[in-house]
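Notes to accompany the following structure.
The values are calculated or read from the model by the stated rules, or taken from the named source; none is laboratory data. Quick caveat: nothing in here was measured; it's all calculated off a predicted structure. Note: ideal-geometry Cβ built from the backbone for every residue, glycine included; neighbour counts use all protein chains shown. What goes into the accessible areas is simple: the full protein's heavy atoms, side chains included, and nothing from ligands, DNA or RNA. Shrake-Rupley method; radii C 1.70, N 1.55, O 1.52, S 1.80 Å.
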Amino acid sequence: MAEQKEEMEVEVIHSWSAPRSLSTGLMYSFAQRDDMEVLDEPLYAHFLRVTGIHRPYREELLSKVESDGNKAVNEVIYGLGRKKYRFCKHIAKQRLSGLPSDLMKKGKHFILIRNPLDILPSFDKVVPPSFRELGLAELVSIYNELSELGKAPHIIDAVDLRRDPEATLRGLCDDLDIPFQEAMLKWEAGPKPVDGIWAPWWYKSVHKSTGFQAANKYPATFPFSLYGLLEQSLPLYNMLRRHVKQTSSLLKAPLPPPNLPVPANKKLLAWVGDEILPRDSAKVSVFDSVVQGGDSVWEGLRVYSRKVFKLDEHLDRLFDSAKALAFNNVPTREEVKDAIFATLIRNGMFDNAHIRLSLTRGKKVTSGMSPAFNLYGCTLIVLPEWKPPVYDNTHGIMLVTATTRRNSPNNLDSKIHHNNLLNNILAKIEGNNANADDAIMLDKDGYVSETNATNIFLVKKGRVLTPLADYCLPGITRATVMDLVIKEKLVLEERRISLSEFHTADEVWTTGTMGELTPVVKIDGRIIGDGQVGPVTQRLQDAYKKLTEESGVPIPAHNETG
């Protein structure tokens, strides 16, 4: 007869999950290891004793399993054992206050999550589903507490576990610093010695399994009586899902996570509708007009030294554009200003920041083109970012001419500053394909209108010229620079300008809120002037910089109230 091993200290691995999350299958997986003993919900008896909750097996469980929380933690979970590891399957709601702090401070922890859309349809076979029963709020609390302890837990999703069990388990084992064993992928069907007393009520389905089976291609119909519970729980699941490590080649995104142009913008707050939200939560409805048809107007604003530059001029154009598109239930000017100021103050953005301000026709009662479906009022979006000028304003940029023509007022008037930007985007694609910074767009007669993103100026023999605003947007920065040209006692001419005039210009620059005043040193392969930033351009850049320092609408000071 084999000699029984002496008891020793074991390394405890804690699995935390909501009910119906494949946690029992995962317990069976770990039970197949030759170095692992498992405990099925060792805090369950304590949970029932303290809460007084009824279960069909309550009395049997309390009579056979340790129900004192201190003893359950110190003597059962962290007690001596005969194998190197001990796997403890926990349901998050069973972690009640008052349990020993060692429960979280000791051992290794991971979290198993599952989409409430998949949990809820099968939940009420034994108990009615509720927010408390799901325990997703407690899962978030567990994640936060472990992170504060410097032990941010590995998170796996049941959908990944079913789609690629081996890759998901290998990733989990790597994170737990234990060797992966092939035995974890299979087990025998039927009840197991490690099952809790409640198994006959809950484990009928998992007892039929012999491993992690792929999910059905199409899911079950969702019981809409649980719609409110889904709305409450889904954001918590999504928050945890963002921390899932992609371990399977089947699960990797087509592209790696991109680097942001300004890393500080990973954490920002944006205004959507009537509230301020974190970046990843700042979303509009799929019924919003901006989604349904690009039916929205927008402005770009810059912040310099606690002031919003040309705020009133931009708001004038925003409201003019909304009126031209016959928007109804538009917020007031003061409401829009308050939203802008509140968002900037919340973000602490008082300089070198840019705002993308959008006003959509709003959410529809049903999908469709007709504005008659827009009965909720407009949707206001204030998107602030840390953003220096987007072009090289010191050395200049290169332009090419696009074949895509600028919209004619016969089709869509450019004086409406709308979000339907496909015309500009097509030209920008041409610029990208030519490795240029932007693309010049011509009108229907072949005269220069603007670039895909900015207005454009040239200097020839001391005279400053810019195209008429018939096909181009009459930009706020354009108008500002035109005023500066006059103040600098330069000759300004606004007229139709052919492309060859830009090719042979002494100097060229573009204007826009996002890029300010940007020199152009090459167009369609032609060097502009001597290929350097010209004196008139530099003179107007300096004047523009001085104007931004001296003018603008101040951001109100934050006054703390008791």
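Assorted remarks:
- You can think of it this way: the chain between residue 63 and residue 425 has 123.3 nm of extra reach, that is 0.36 nm per residue less the Cα-Cα gap.
- Once both labels are positioned 7 Å from their Cα atoms along Cα-to-Cβ, the gap between residue 445 and residue 180 label points is 6.9 nm.
- Relative protection proxy for 367-380, 334-347, from highest mean packing down: 334-347, 367-380 (other beta-carbon atoms within 10 angstrom).
- Of 276, 368, 396, farthest towards positive along the dipole that unit charges on Lys, Arg, Asp, Glu beta carbons give the chain: 368
- For the stretch 171-305, the relative contact order is 11 percent, taking Cα pairs closer than 8 Å that sit 6 or more residues apart in sequence and dividing their mean separation by the residue count.
- What a 1.4 Å probe finds exposed on the stretch 478-517 is 53% carbon and sulfur by accessible area, rounded to a whole percent.
- Between residue 487 and residue 227, full extension at 0.36 nm per residue minus the direct alpha carbon distance yields a gain of 87.3 nm.
- Estimated FRET transfer efficiency (residue 345, residue 83; beta-carbon r; R0 41 Å; 0.05): 0.10
- Dipole moment magnitude, nearest 20 debye, the chain about Cα centre, only Lys, Arg, Asp, Glu C-beta charged: 620
- Our summary gives the stretch 171-241 a relative contact order of 27 percent, counting only alpha carbon pairs under 8 angstrom and 6 or more residues apart.
- Rounded, prolate or oblate (a/c below 1.5 giving rounded, otherwise prolate when a/b exceeds b/c) for the stretch 96-142 by Cα gyration tensor: prolate
- When nucleic acids and ligands are ignored and a 1.4 Å probe is applied, residue 243 ends up with an accessible area of around 80 Å².
- As a rough guide to protection, the peptides 159-168, 57-66, 35-44 ranked by mean Cβ packing within 10 Å, highest first, stand as 35-44, 159-168, 57-66.
- Taken about its Cα centre, the stretch 158-248 carries a charge dipole of about 320 debye when Lys and Arg each add +1 at the Cβ and Asp and Glu each add -1 at the Cβ.
- Cβ-placed point charges (K, R +1; D, E -1), dipole of the stretch 352-456 about Cα centre in debye, nearest 20: 560
- Pairs from 283/415; 83/151; 323/545; 283/546; 151/217 whose Cα-Cα separation, in the structure shown, is over 26 Å: 283/415; 323/545; 283/546; 151/217
- Gyration tensor verdict on the stretch 29-152 (Cα atoms; rounded if a/c is under 1.5, prolate if a/b is larger than b/c, oblate otherwise): rounded
- Shape call, the stretch 159-288: gyration tensor on alpha carbons, a/c limit 1.5: oblate
- Label-to-label distance, nm, for residues given as residue 557 and residue 326 (7 Å Cα→Cβ offset): 4.8
- The stretch 448-496: trypsin sites (Lys or Arg not before Pro) falling in loop per DSSP and having at most 13 other Cβ within 10 Å: 461, 489, 495
- Taking every C-alpha pair closer than 8 Å and separated by at least 6 residues, the mean separation divided by the residue count of the chain gives a relative contact order of 11 percent.
- As a fraction of the 1.4 Å probe accessible area of the stretch 1-154, surface on carbon and sulfur atoms comes out at 46 percent.
- Signed unit charges on C-beta, dipole axis of the stretch 513-562, positive-most listed residue 554, 514, 535: 535
- For the chain, a Kirkwood hydrodynamic radius built from all Cα pairs, placed in the Stokes-Einstein relation at 37 °C and 0.692 mPa s, yields a translational diffusion coefficient of 116 µm²/s.
- At an R0 of 51 angstrom, the distance between the Cβ atoms of residue 101 and residue 415 translates into a FRET efficiency of 0.20.
- Charge dipole of the chain about the Cα centre (unit charges at C-beta), most positive-ward option of 262, 293, 465: 293
- With 0.36 nm allotted per residue and the present C-alpha distance subtracted, the residue 365-residue 277 stretch has 29.3 nm of extension available.
- Protection proxy ranking, peptides 74-86, 503-515, 306-318, 223-235, average beta carbon neighbours within 10 Å, highest first: 503-515, 306-318, 74-86, 223-235
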